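A.B. asks: Sharing a structure, written as structure tokens. Questions coming.
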Amino acid sequence: MRNQAARRRCVSASGPGASECARTSGSSPGGARFPPGRHLYHWTVYRQVRSTRCSASSAARGGPISLVSVTATDGFDDPAYRDGIVDLLGLLGLGELTGFERMAADAGLAPTLADKAALAGMAVTEFHHFEHIRDRLGELGASVDEAMAPFRDALEQFHANTAPADWLEGLVKAYVGDGIAADFYREVAEEVDPLTRQLVLEVLADAGHADFAVERVREAIAADSRVAGRLALWARRLVGEALAQAQRVAVDRDALAVLVVGGAGRAGLDLAEIGQLFARITRKHADRMTKLGLSP
């Protein structure tokens, strides 16, 4: 973990400030909720301001404060951390399962038998990824169905709003949408335990779909340059829809947000690091658009 050695939490052993610390320390029952309608950046500001007030209040009222280092190698002794990991794997597992379904459907639209076979093979790989996540959730004592359920509406809404009109739009959707999601998961993986990180990175490993999509889209643009404008607009729409649903998930799921912005004894990323995270994701998206031949 990036900040594993420096993980700290505020613990008020007694005194009038104790209840205030408990109310604002994270996403456990009775804890602070993600402010409705606010995105991850505002949640980070909210947490840091409340945390500062918590510490100041306890110190002023004579309540002793101890800084307890969180140095466990996995963090699963912390229920809030475990809940966050279950959320992370549930969301990732649902993405892999729907990715399998979508890729199999795209194979049916493929113009050649070779393309059909290639996409069918990639779909099988997606399903195997889902199975690995399901097995890990079982090891954690969690049901894969229950872990995925909170994210189903948001993901189904995204796919309903971004149904591709043809083969090329399907390729761009998978390449752009999956790319942004994968970038975010990789960033979160830097903040979790080694076993979870390894699983996330293995599941996100490209099975050849990225190169396949780039090659086919570039071939289509070379054959008809007008395709580029249509697909560029389509890609921008995909990004907007993806961000809208991502914000919805962040608002609804405190446990998942805690993995990134901290809480329940985890320092998480500060404001500057959150900004750098999104800057990296934005740069990588721009790089993908360039590879597709769809950059402005």
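A.B. asks: Among the lysines, select those whose C-alpha is under 22 Å from the C-alpha of K116, and discard any that sit fewer than 8 residues away in the same chain.
C.D. replies: K173
A.B. asks: Continuing with the same structure: Stokes-Einstein diffusion coefficient for region 139-230 at 37 °C in a medium of 0.692 mPa s, Rh from the Kirkwood formula over Cα pairs: what value in µm²/s?
C.D. replies: 209
A.B. asks: Can you tell me the mean projection area, over all orientations, of the convex hull of region 179-239's alpha carbons? Units nm², please.
C.D. replies: 4.8
A.B. asks: Over the Cα atoms of region 79-292, Rg to Rh with Kirkwood Rh, two decimal places?
C.D. replies: Ratio of gyration radius to Kirkwood radius: 0.97.
A.B. asks: By per-residue mean of other Cβ atoms within 10 Å, what is the highest-first order of 78-86, 221-229?
C.D. replies: Ranked from most to least packed, the peptides come out as 78-86, 221-229.
A.B. asks: Ok, one more. What's the ranking of 249-260, 273-284 by average number of surrounding C-beta atoms within 10 Å, highest first?
C.D. replies: Averaged packing, sorted descending, gives the order 249-260, 273-284.
None of the figures in this text is laboratory data; all of them are computed from the coordinates on show. Bear in mind that the values here come from a model prediction, so they are computed numbers and not experimental data. We place every Cβ from the backbone using ideal geometry, glycine too, and count neighbours over all the protein chains shown.
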